[in-house]
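Trainee: Pasting a structure here, questions to come.
The values are calculated or read from the model by the stated rules, or taken from the named source; none is laboratory data. Fair warning: this is a prediction, and the values are worked out from it, not measured in the lab. Every residue, glycine as well, gets a Cβ built from its backbone with ideal geometry; the counts of neighbours run over all protein chains shown. We work out accessible area using only protein heavy atoms, side chains counted, and drop any ligands, DNA or RNA first. Shrake-Rupley method; radii C 1.70, N 1.55, O 1.52, S 1.80 Å.
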Amino acid sequence: MPSSHDIPDTGPFSLAAARARDANDSLAFMRGKFSLPEGVIYLDGNSLGVLPKGTADRLARAITEEWGEGLIRSWNDAGWIDLPHRIGGKIAPLIGAEAGSVIAAESTSVNLFKTLSAALTLTAGRRKIVTEAENFPTDNYIAEGVISQFDKRHELVTCDHPEDIIPALDHDTAVLMLTHVNYRNGHRHDMRQLTKAAHDVGALVIWDLAHSAGAMPVELAASGADFAVGCGYKYLNGGPGAPAFLYVAPRHHGKARQPLSGWFAHKAPFDFARDFTAAADISQYLCGTPPVLSMLALDHALDLWAEVDLTELRGKSLALSQYFIDLVERRCQGHDLTLITPRDDDARGSQVSFTHPDSGYAMVQALIARGVIGDFRAPDILRFGFTPLYTSFEDVWRAVDIFAELLATRSWDTPAFHRRNKVT
Ligand SMILES: *Cc1c(COP(=O)(O)O)cnc(C)c1O
């Protein structure tokens, strides 16, 4: 049985080799911009990103000065009113979007409701919404909700495998709604190919970028995508419950109707007109007053990207996840772990998942107790996220070292580690 004692002192699987990779990492300087707690190896930035240094001071200033002193004047003087657009402008280059086509607002779920509803108004007569059965549940729940509110004639078609998607598209398809990188196994779709396949049958495409934005370059405009949504609290480090974002291709601006037509979606909110006239630009997808404090945390976190080359980001992300796979396969053999993440770089996002037949939850809890934070996704998935801005190769090495020891000693197999928490 392998144990933490058969670690080579030299060669590619040694700690020295991990440190050498960190020394050569062009993004290593970014780690210092985050407040990583002592004694923690954080492999869950795909679920909640780490606190950037400076966010706490920025929020303190917003509270004591902008709110405390400026009061209502700060909507203008501190630029609060422009936050949804300003943040959208910072996210746009990360997702390959045109200027003026992205806003920050609400949650991913709500933004999906808005964009899917809008897409259906542009595809009248077509009945099908095609997606994946293993999509993140909220996406498919929202689609069911949209169908129930719309005209009840629509049907959610859920594909079981990625290769079933293109054959499911036909001239009755209104919308192809997909998550770019799957939250369970980390499989990444080919955005260009699938967008084209949907357009070839006259359907529109909505991409959920929850596990892509901030993890890799995304090419929304170059792919011809119609709509997109994504999270602010995962790879974008906006903080717990951070506002999400929403993209609408410029060619659709002013064409569709989105049903959450609050006053911020009006062409002139402060005219206080009696009747609703939608804004002709991306503002049409706003709803009501933005949560300023949460917006400011996200706004601050996005400034970190000014120094990041997205091609280097993707290179490091793939290197970290490949390294993790290699180390686990070398050092954690014989414990019933099955890799479910694609080995092919093109088909892999920025996470690695293994299944275990019955004890994945307890193993993850035992890892967390030792400071290695990943997460568990029912029914059987151990999930590890790699965030290139602050995860080091030494982190990966140490995480697997601890994992190998836990497995070899079975120290994960205690009642406490089997007890389920509310959030897994
Ligand atoms: C994390 C995630 C969400 C989260 O949606 P919320 O509205 O922020 O809760 C939605 N979709 C996908 C694919 C996700 O991974």
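Trainee: Can you give the charge dipole size of the chain about its Cα centre, rounded to the nearest 20 debye, using +1 on the beta carbon of Lys and Arg and -1 on the beta carbon of Asp and Glu?
Mentor: Value, rounded to 20: 620 debye.
Trainee: Based on the Cα coordinates of region 179-302, what is the per residue volume of their convex hull in Å³?
Mentor: 123
Trainee: Separate question: Using Cα pairs closer than 8 Å and at least 6 residues apart in sequence, work out the relative contact order for region 167-290, in percent.
Mentor: Relative contact order comes out at 17 percent.
Trainee: Size of the dipole of region 318-400 about the Cα centre, Lys and Arg at +1 and Asp and Glu at -1 on the beta carbon, nothing else charged, in debye to 20?
Mentor: Dipole size: approximately 200 debye.
Trainee: Here's another thing I want to ask about it. In the chain, if the dipole is taken from +1 on Lys/Arg beta carbons and -1 on Asp/Glu beta carbons about the Cα centre, which of TRP75, TYR183, ALA366 is farthest to the positive end?
Mentor: Of the candidates, TRP75 comes out farthest on the positive side.
Trainee: Among ALA378, LEU339, GLY241, which residue has its Cα positioned farthest towards the positive end of the charge dipole of the chain, with +1 placed on the Cβ of Lys and Arg, -1 on the Cβ of Asp and Glu, and the dipole taken about the Cα centre?
Mentor: GLY241
Trainee: Please work out, to two decimal places, the log10 of the ratio I(q)/I(0) at q = 0.24 Å⁻¹ from a Debye calculation in which every Cα of region 328-417 carries one identical scatterer.
Mentor: So the normalised log intensities are -1.43.
Trainee: Take the cross-link list LYS196/LYS422; LYS196/LYS255; LYS33/LYS90; LYS90/LYS196; LYS128/LYS196; LYS255/LYS316 and give me the ones stretching past 29 Å between alpha-carbons.
Mentor: Result: LYS196/LYS422; LYS255/LYS316 exceed 29 Å.
Trainee: Right, here's the next one. Please list the equivalent ellipsoid semi-axes of region 1-83, computed as the square roots of five times the alpha-carbon gyration tensor eigenvalues, in descending order and whole angstrom.
Mentor: Here the semi-axes work out to 45, 14, 10 Å.
Trainee: Here's something else I'd like to know. Assuming a ≥ b ≥ c are the square roots of the Cα gyration tensor eigenvalues, decide whether region 79-307 counts as rounded (a/c under 1.5), prolate (otherwise, with a/b larger than b/c) or oblate.
Mentor: oblate
Trainee: Once you list every other residue whose beta carbon is under 11 Å from the beta carbon of GLN322, what net charge do they have if Lys and Arg are +1 and Asp and Glu are -1?
Mentor: That works out to -1.
Trainee: At 1.4 Å probe radius, can you tell me the per residue accessible area of the chain in Å²?
Mentor: Counting only protein heavy atoms, the per-residue value for the chain is 42 Å².
Trainee: Next question, about the same structure. So for region 79-307, averaging the separation of alpha carbon pairs under 8 Å that are six or more residues apart and normalising by length, what relative contact order in percent results?
Mentor: 25
Trainee: Using DSSP to define loop residues, name the trypsin sites (Lys or Arg not before Pro) in region 242-306 whose beta-carbon has at most 10 other beta-carbon atoms within 10 Å.
Mentor: Those satisfying the criteria are ARG274.
Trainee: Also: Within the chain, what's the longest run with no chymotrypsin sites (Phe, Trp or Tyr not before Pro) in a DSSP loop and at most 13 other beta-carbon atoms within 10 Å? Give the range, please.
Mentor: It works out to 1-271.
Trainee: Which value does Rg/Rh take for region 234-297 over its C-alpha atoms, Rh per Kirkwood?
Mentor: Reported Rg/Rh (Cα atoms, Kirkwood Rh): 1.03.
Trainee: Given Cα pairs under 8 Å that are at least 6 residues apart, what percent is the relative contact order of the chain?
Mentor: 22 percent.
Trainee: Quote the charge dipole size of region 79-307 about the Cα centre in Debye, to the nearest 20; the model charges only the Cβ of Lys and Arg (+1) and of Asp and Glu (-1).
Mentor: Charge dipole of region 79-307: 460 debye, to the nearest 20.
Trainee: Here is a follow-up. Cα atoms only, region 61-137: Rg and Dmax in Å?
Mentor: Final numbers for Rg and Dmax: 17.9, 54 Å.
Trainee: Would you calculate a helix-derived [θ] at 222 nm for the chain, using -39,500 (n - 2.57) for each DSSP H run of n ≥ 4 and dividing by the full residue count, to the nearest 500?
Mentor: -9500 deg cm²/dmol
Trainee: Over region 79-307, what percent of the accessible surface lies on carbon and sulfur atoms, probe 1.4 Å?
Mentor: 54
Trainee: Take the Cα radius of gyration of the chain and divide it by 2.2 N^0.38 Å, with N its residue count; two decimals is plenty.
Mentor: 1.03
Trainee: Using the scaling law 2.2 N^0.38 Å as the reference, what is the normalised Cα Rg of region 291-370?
Mentor: Rg over 2.2 N^0.38 Å, computed on Cα atoms: 1.48.
Trainee: Among ILE63, ILE87, ILE129, which one shows the highest mean-square fluctuation when the chain is modelled as a Gaussian network with alpha-carbon springs under 10 Å?
Mentor: Sorting by GNM fluctuation, first place goes to ILE63.
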